[in-house]
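One structure, pasted below without further comment.
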Amino acid sequence: WQCVEKYLQPFQLSPETLQEVSARLRKDLLRGLGKHSHHKAPVKMLPTFVRATPDGTEKGDFLALDLGGTNFRVLHVRVEEEAQKVLKMDSQICAIPQEMMLGTGEQLFDHIATCLGDFLESHNLKGQTLPLGFTFSFPCEQLEIDKSILIRWTKGFNCSGVEGKDVVQLLKEAIHRRGDYHIGSVAMVNDTVGTMMSCGYKDQSCEIGMIIGTGTNACYMEEIKNVKRIEGEDGRMCINTEWGGFGDDGCLDDILTEFDVEVDKTSINPGVHIFEKMISGMYLGEIVRLVLVKMTKDKLLFKGQISEALGTRGLFETKFISEIEDGLENAKKILTELGLDWSLVDASVVRLVCDTISSRSAYLCAAALATLVNRIRNNRKLGHLKTTVGVDGTVYRKHPTFSSKLQKAVRLLAPQCDITFLVSEDGSGKGAAMVTAVAQRPAHQSRLLEESDGEDNEEEEEEEGQ
Ligand code: BGC
């Protein structure tokens, strides 16, 4: 076991290290918000033009599109004021084949327009012009609620001709090429924002949205006066942090392991989204695989024999981590399926490796979330903050102990904050409708003024431009 420890020790982050990570992110949030520093900031802090969370008066019928994981979804959503409910009327999934994720933008958007067209046709909605919320889970520079420039692809996507372009325009052009239906006003939404907004109908103190799935990210309500890159003083705006990019300037190099470096090098976007690559579902399985390969090469596991599956990039899936940690029997079954000649000790070591790597992910997320809640508390000059985080993503939902580890660590790192975690049901779809509904709310403008507290935050001034 001592030999095993040697491999795992670099993944074990002490509470002090996590505090240090949180402090570094705290500085990076400021860089991202700064007027002059945001261009080069690794944590982009993107304004979303969502200025208010739901207040319960929203209503109507909406379409929602959801692109960001492996599937693309179309939804018809109804927001009911009386029942304070967001109802999913119908939805349809369209697979996005791997070639399309790496093909041209035109192919991708034509495919989206086709799926939407088929959905409208089969649900008799073609004659209506419904407002549309588009959950597009990639970093976008949002110029208005319906103008959103893709900064870069992340996760498995890399379609040509989309980076630097307005995604709403590309969608409209694709619909226009078909010419058989129309859509109403469009609201662009990141999945974190959708998640926050969908929980916000149920719990109006939900001011943070967090995703730990294929990718990872969070958004939160920031005071507009602190967002130096946009004009305005009053009220709050939801900021899409894009915390996946934390570390892209090398500031996390001291905690990266050789395995993280390898995962980054062999990814389709080397050098970017370093934090995401230590945390999210797209990468966790691969980190575990690389550790197991190294241990096997060093004759610590499987009698020194690497099976073909274990030797192949991407074949150790992140869902195996959840399953293996869930029970020894699962571990045995998966190791057999991977063609490995395992002993009982091997199976226990593999469980320990999985536990170490998923725990690191949970603790890093906790450090990042602690930074956000501490910031909200400081912004409002509160001794104690009570707030709600809307959460979604397969890693958070499916892993047996991830959420409890994360929650425990946040309590340690942000002791003056009392956080309720709400798992969002269908946040990307319902939340997109909610953003569209809030944007259309007549009382929106007056609420903006009520929310202003008019205090200055000197710290921002000091650090801005660094
Ligand atoms: C994207 C974010 C998204 C997150 C979770 C990241 O790769 O950059 O925009 O919110 O994945 O889906």
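The values are calculated or read from the model by the stated rules, or taken from the named source; none is laboratory data. What you see is a predicted model; the values in this text were computed from it and never measured. Here the Cβ positions follow ideal geometry from the backbone for every residue, glycine too, while neighbour counts run over all protein chains shown.
Identify the residue in region 379-411 that is among the polar types (S, T, N, Q) and surrounded by 14 or more Cβ atoms within 10 Å (Cβ to Cβ) and, among all such residues, is farthest from GLY68 (Cα to Cα).
Step one: filter region 379-411 for residues among the polar types (S, T, N, Q), giving 379, 387-388, 394, 401, 403-404, 407.
Filter once more, keeping what is surrounded by 14 or more Cβ atoms within 10 Å (Cβ to Cβ): 379, 387-388, 394, 401, 403, 407.
Numbers: ASN379: 31, THR387: 27, THR388: 24, THR394: 13, THR401: 25, SER403: 22, GLN407: 26 Å.
Among them, the one singled out is ASN379.
I'm trying to understand the selection: among the residues of region 239-278, which are surrounded by fewer than 17 Cβ atoms within 10 Å (Cβ to Cβ), within 14 Å of the ligand (Cβ to nearest atom) and not polar (S, T, N, Q)?
Matches in region 239-278: ILE268 only.
Ok, one more. Please indicate, with yes or no, whether at least one residue in region 291-312 is within 16 Å of the ligand (Cβ to nearest atom), at negative phi and polar (S, T, N, Q).
Keep residues of region 291-312 that are within 16 Å of the ligand (Cβ to nearest atom), which gives none.
No, there is no match, as no residue in region 291-312 is within 16 Å of the ligand (Cβ to nearest atom), at negative phi and polar (S, T, N, Q).
Oh, and also: Looking at (1) assigned to a helix (DSSP H, G or I); (2) in contact with a Ser or Thr (Cβ under 7 Å, 6 or more places away or on another chain); (3) of a type outside the set (Asp, Glu); (4) over 19 Å from ILE357 (Cα atoms), can you tell me which one ASN269 breaks?
The one condition ASN269 does not meet is (1).
Which pairs do you get when a residue that is without any contact (Cβ under 8 Å) to a residue 60 or more places away in the chain, found in region 131-154, comes within reach of a residue that is assigned to a loop (DSSP other than H, G, I, E, B) and more than 13 Å from the ligand (Cβ to nearest atom), reach meaning Cβ atoms under 8 angstrom, with the pair 6+ apart or on two chains?
ASP146/SER185; ILE149/GLY164; ILE149/LYS165; LEU150/VAL162; LEU150/GLY164; LEU150/LYS165
Continuing with the same structure: Might you let me know whether region 403-413 holds any residue that is assigned by the TED database to the domain that holds SER14, part of a loop (DSSP other than H, G, I, E, B) and either aliphatic (A, V, I, L, M) or over 28 Å from LEU87 (Cβ atoms) (or both)?
First pass over region 403-413, keeping only residues assigned by the TED database to the domain that holds SER14: 403-413.
Right, trim to part of a loop (DSSP other than H, G, I, E, B) and you get none.
No, region 403-413 has no match at all.
Which residues, taken from region 324-372, are more than 15 Å from LEU413 (Cα to Cα), surrounded by 19 or more Cβ atoms within 10 Å (Cβ to Cβ) and aliphatic (A, V, I, L, M)?
ILE324, ALA331, ILE334, LEU335, LEU338, LEU340, ALA347, VAL349, VAL350, VAL353, ILE357
Among the residues that make up region 301-309, is at least one of them surrounded by fewer than 16 Cβ atoms within 10 Å (Cβ to Cβ) and either among the acidic types (Asp, Glu) or touching a strand residue (DSSP E or B) at 6+ places or on another chain (Cβ under 8 Å) (or both)?
So the first thing to find is which residues in region 301-309 are surrounded by fewer than 16 Cβ atoms within 10 Å (Cβ to Cβ), and the list is 303-305, 308-309.
Checking which are either among the acidic types (Asp, Glu) or touching a strand residue (DSSP E or B) at 6+ places or on another chain (Cβ under 8 Å) (or both) leaves us with 308.
Yes, the conditions are met somewhere in region 301-309.
Quick one: what pairs do we get from region 280-298, first residue surrounded by fewer than 24 Cβ atoms within 10 Å (Cβ to Cβ), second among the acidic types (Asp, Glu), C-beta under 6 Å, 6+ apart or different chains?
Filtered contacts from region 280-298: GLY285/GLU317; LEU290/GLU262.
VAL395 fails exactly one of the following numbered conditions: (1) aliphatic (A, V, I, L, M); (2) within 16 Å of the ligand (Cβ to nearest atom); (3) not assigned by the TED database to the domain that holds VAL21. What is the number of that condition?
(3)
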